[in-house]
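Here is the structure we will look at.
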Amino acid sequence: MDFSIKAFDTKNTLAAAKTGCVAVAVFENKKLSSAAQALDVNGDISAALKSGDISGKAGTTLLLRGVAGVAAARVLLVGMGSNDAITEKSFGSAVSAALKVFGTLGSQDAIIAFPMADVKDRDINWAVRSLVIAANEAEFRTDSQKSKKDPLPAGVRKLTIAAAEANQLKGVLAQSIAIANGMNLTKELGNLSPNVCTPTYLADTARQLAGEFGFQIEVLERKQLEALKMGSFLSVAKGSDEAPKFIVLKHNGGKKNDAPVVLVGKGITFDTGGISLKPGPNMDEMKYDMCGAGSVLGTFRAIGEMGLKLNVIGIVAACENMPSGRASKPGDIVTAMSGTTIEILNTDAEGRLILCDALTYAERFKPAAVVDIATLTGACIVALGHHTSGLFTRHDDAHDALAEELLDAGKQAGDVAWRFPLGENYNEQLKSNFADLANIGTPGAASITAACFLENFTRKYTWAHLDIAGTAWKSGANKGATGRPVPLLTTFLMNRV
Ligand code: BES
Ligand code: MN
Ligand code: ZN
């Protein structure tokens with residue numbers, strides 16, 4: 001989609017705009033938005049509302065052609081619910097309804113003239129961002145592995161956002177496009193089959209990004225990981241014939257000596273469970289177990305494109321979790337890079353085993369904050385479903401502040417998270433009779449005990465953990481990666497500048 005933003009005023013009116021379609025909002029009580037009024041030159045729009053052909057409920061639409069006094073070939077009336085409180089949800093359903101119609105039109109360009117500044121508790125930047133992300137989502141196709149490409153969808157390819165504040169919003173538009181492009185990369189990586197999207201493929205993708213956006217990059221190979229004594233990460237990797245890759249990307253957008261924000265992604269390119277083998281049904285979806293890594297790369301794509309003035313380091317720990325004669329067995333004890341010994345009671349709790357070494361490695365950067373992103377626990381889906389990511393941090397002032405930053409960024413970006421508790425009681429569930437820590441907890445609160453496990457390796461800096469098991473991809477007929485939490489992460493970083 002090609003996006004632009006433009007102000008329509010008395011000189012340059014909406015009614016005179018030459019375009020295939022103008023979408024304007026109407027409301028439940030038969031009221032017109034101001035843009036709808038501007039097109040109601042000869043009363044055609046009020047008449048259409050009066051006729052009862054559109055109720056004005058959020059997401060309803062009515063397409064009119066040849067509206068008197070309007071230069072555009074079509075006017076799309078879009079219901080936005082109640083006019084005294086446009087909610088995030090009603091705005092969102094109006095946007096997706098408009099995009100759905102745009103996708104079927106015999107014209108390539110359209111203007112969307114919605115009351116962007118009037119959404120309750122949200123600002124106009126939010127409205128621009130959500131529009132761009134939704135339009136990008138509507139257009140997104142995964143067909144790189146189909147022999148016959150899906151035909152390009154018909155309809156609108158050039159979308160102009162009408163907003164009085166157009167000049168101030170140019171930057172927001174560019175940032176929104178960068179976020180959308182970052183999400184697309186995350187989605188593409190997630191959707192790729194696991195025989196293609198291997199740890200090596202992730203490393204190659206990171207190298208490409210580094211070339212395109214000028215990031216520094218280092219990819220550590222098995223030998224180097226052995227020298228670093230990453231015994232926990234390597235214990236997961238050793239069951240697979242695919243070489244593990246430990247990717248370090250640096251975006252030096254800030255001042256030379258500013259402490260970086262470090263993002264750490266779980267990059268299990270396929271999770272069979274290992275010797276604690278997962279059941280067969282839906283196991284294909286464990287190709288998405290690299291979505292934390294994918295979101296780090298997608299976020300780097302976004303901040304690279306927007307030239308973010310902040311120092312950011314991305315770490316991706318990538319390997320497969322496979323059963324084999326060389327795989328870890330339940331009961332094995334390994335020594336992490338930190339020196340902590342870990343009893344592997346379940347080889348399917350592998351995410352924490354790779355992340356703990358990546359989190360120890362992050363210490364060397366003396367980070368301002370570290371955020372890890374992982375499809376870590378099925379229990380997180382039980383708790384939060386598919387709408388909300390899980391957020392975990394310690395409970396002190398510095399961590400409360402970091403948690404608030406991340407929660408706020410999620411709200412701003414329409415990519416929400418919810419905070420869980422951590423604490424000593426939960427940590428005690430990870431006691432092992434034979435090692436310093438067990439890799440699974442006693443029954444109950446499995447998402448929290450997983451976060452507690454990681455917490456043990458993050459005591460030298462301010463840290464947060466995002467469990468994206470429920471939000472990184474959709475199952476069912478529309479199976480596919482969502483690109484989350486790239487909007488949350490990018491907005492969090494943007495807010496730090
Ligand atoms: N990658 C999975 C978590 C997962 C499962 C995410 C299903 C999304 C959907 C993770 O490695 C895992 O297997 N976790 C186990 C942990 C358990 C063994 C303590 C889980 O959640 O069942
Ligand atoms: Mn697993
Ligand atoms: Zn996993």
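The values are calculated or read from the model by the stated rules, or taken from the named source; none is laboratory data. Quantities reported herein were computed from a predicted structural model and do not represent experimental measurements. Note that we place each Cβ from the backbone using ideal geometry, even for glycine, and neighbour counts take in every protein chain shown. Just the protein is used for accessible areas: all its heavy atoms, side chains included, with ligands, DNA and RNA removed. Shrake-Rupley method; radii C 1.70, N 1.55, O 1.52, S 1.80 Å.
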Exercise. Give me the pairs, please: first residue somewhere in the range 390-409 and in contact (Cβ under 8 Å) with a residue 60 or more places away in the chain and of a type in the set (Ser, Thr, Tyr), second residue anywhere and open to solvent by less than 60 Å² (accessible area, probe 1.4 Å) and part of a strand (DSSP E or B), beta-carbon distance under 6 Å, and either six or more positions apart or on two chains.
Key: Thr393/Ala464
Practice problem: Kindly indicate the residue of the range 310-321 that is away from ligand 1 (no atom under 16 Å from the Cβ) and assigned to a strand (DSSP E or B) and also farthest from the chain's Cα centre (by Cα) among those meeting that condition. | Solution: Asn311
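Which of the following residues is of a type in the set (A, V, I, L, M) and surrounded by fewer than 23 Cβ atoms within 10 Å (Cβ to Cβ): Ala127, Ala94, Ala85?
On the way: Ala127 fails: surrounded by fewer than 23 Cβ atoms within 10 Å (Cβ to Cβ); Ala94 fails: surrounded by fewer than 23 Cβ atoms within 10 Å (Cβ to Cβ).
Result: Ala85 is the single residue among Ala127, Ala94, Ala85 that is of a type in the set (A, V, I, L, M) and surrounded by fewer than 23 Cβ atoms within 10 Å (Cβ to Cβ).
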Quiz item: When Asn252 is evaluated against the numbered criteria (1) open to solvent by 20 Å² or more (accessible area, probe 1.4 Å); (2) within 16 Å of ligand 1 (Cβ to nearest atom), which criterion, by number, is the only one it fails?
Solution: (2)
Quiz prompt | the range 295-320: number of residues that are open to solvent by 10 Å² or more (accessible area, probe 1.4 Å) and polar (S, T, N, Q) | solution = 1
Quiz prompt | Only listed residue being within 30 Å of Thr335 (Cβ to Cβ), open to solvent by 30 Å² or more (accessible area, probe 1.4 Å) and part of a helix (DSSP H, G or I), chosen from Glu188, Glu212, Glu218, Glu226 | solution = Glu226
Quiz item: Looking at (1) more than 13 Å from Ala113 (Cβ to Cβ); (2) surrounded by 13 or more Cβ atoms within 10 Å (Cβ to Cβ), can you tell me which one Val22 breaks?
Solution: (1)
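Being open to solvent by 50 Å² or more (accessible area, probe 1.4 Å) and of a type outside the set (D, E, K, R) is the filter; apply it to the range 322-345 and report the residue that is nearest to the chain's Cα centre (by Cα).
Initial filter on the range 322-345 (open to solvent by 50 Å² or more (accessible area, probe 1.4 Å)): 322-323, 325-326, 329-330, 333, 335, 338, 345.
Keeping just the survivors that are of a type outside the set (D, E, K, R) gives 322-323, 325, 330, 333, 335, 338, 345.
Working: Met322: 27, Pro323: 30, Gly325: 36, Pro330: 33, Ile333: 35, Thr335: 33, Ser338: 30, Leu345: 31 Å.
Looking at residues that are open to solvent by 50 Å² or more (accessible area, probe 1.4 Å) and of a type outside the set (D, E, K, R), I get Met322.
Taking the criterion of being in a helix (DSSP H, G or I), within 16 Å of ligand 1 (Cβ to nearest atom), at pLDDT 95 or above and closer than 24 Å to Thr347 by Cα, would at least one residue in the range 236-246 satisfy it?
Of the range 236-246, the ones in a helix (DSSP H, G or I) are 236-237.
Imposing the further condition that a residue be within 16 Å of ligand 1 (Cβ to nearest atom) reduces the set to 236-237.
In the following step, the residues that additionally are at pLDDT 95 or above were identified as 236-237.
From the residues that got through so far, the ones that are closer than 24 Å to Thr347 by Cα too are 236-237.
Yes - at least one qualifying residue is present in the range 236-246.
Condition check ((1) more than 16 Å from ligand 3 (Cβ to nearest atom); (2) free of Cβ contacts under 8 Å to residues at least 24 places away in the same chain; (3) in contact with a Lys or Arg (Cβ under 7 Å, 6 or more places away or on another chain)) across all residues:
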position: Lys266; (1), (2), (3): no, no, no
position: Lys287; (1), (2), (3): no, no, no
position: Ala293; (1), (2), (3): no, no, yes
position: Ser324; (1), (2), (3): yes, no, no
Exercise. Answer with yes or no whether Phe457 is part of a helix (DSSP H, G or I), modelled with pLDDT of 95 or more, of a type in the set (Phe, Trp, Tyr) and buried (at least 24 other Cβ atoms within 10 Å of the Cβ).
Key: no
Exercise. Show the residue pairs that are 6+ apart or on different chains and have beta-carbon atoms under 8 Å apart, the first residue being within the range 340-353 and of a type in the set (Ser, Thr, Tyr), the second being within 8 Å of ligand 1 (Cβ to nearest atom).
Key: Thr347/Gly273; Thr347/Ser276; Thr347/Asn321
Quiz item: So, in the range 257-291, of the ones that are within 15 Å of ligand 2 (Cβ to nearest atom) and part of a strand (DSSP E or B), which residue ends up farthest from Ile303 (Cα to Cα)?
Solution: Asp271
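This table checks each residue for (1) outside any helix (DSSP H, G or I); (2) in contact with a helix residue (DSSP H, G or I) (Cβ under 9 Å, 6 or more places away or on another chain); (3) closer than 28 Å to Asp332 by Cβ; (4) not hydroxyl-bearing (Ser, Thr, Tyr).
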{"residue": "Ala403", "(1), (2), (3), (4)": "no, no, no, yes"}
{"residue": "Gln412", "(1), (2), (3), (4)": "no, yes, no, yes"}
{"residue": "Asp415", "(1), (2), (3), (4)": "yes, yes, no, yes"}
{"residue": "Tyr426", "(1), (2), (3), (4)": "no, yes, yes, no"}
{"residue": "Ile440", "(1), (2), (3), (4)": "yes, yes, yes, yes"}
{"residue": "Gly444", "(1), (2), (3), (4)": "yes, yes, yes, yes"}
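Those residues that are among the β-branched types (Val, Ile, Thr) and either away from ligand 2 (no atom under 16 Å from the Cβ) or farther than 30 Å from Glu188 by Cα (or both), I need them from the range 431-485; list them, please.
Ile440, Thr442, Ile448, Thr449, Thr458, Thr462, Thr471, Thr482
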Practice problem: Mind listing whichever residues of the range 324-383 are β-branched (Val, Ile, Thr) and closer than 30 Å to Asp400 by Cα? | Solution: Thr340, Thr341, Ile342, Ile354, Thr360, Val370, Val371, Ile373, Thr375, Thr377, Ile381, Val382
Exercise. Considering each residue of the range 373-399, count those that are in a strand (DSSP E or B) and either within 15 Å of Asp289 (Cβ to Cβ) or not assigned by TED's automatic domain parsing to the domain that holds Gly294 (or both), and give that number.
Key: 2
Practice problem: Go through the residues of the range 42-54 one by one and say whether even a single one is within 24 Å of Ala164 (Cβ to Cβ), in contact with a Ser or Thr (Cβ under 8 Å, 6 or more places away or on another chain) and surrounded by fewer than 23 Cβ atoms within 10 Å (Cβ to Cβ). | Solution: no
Quiz item: Among the residues of the range 410-422 satisfying the criterion of being open to solvent by 30 Å² or more (accessible area, probe 1.4 Å) and in contact (Cβ under 8 Å) with a residue 24 or more places away in the chain, which is nearest to ligand 2 (Cβ to nearest atom)?
Solution: Phe420
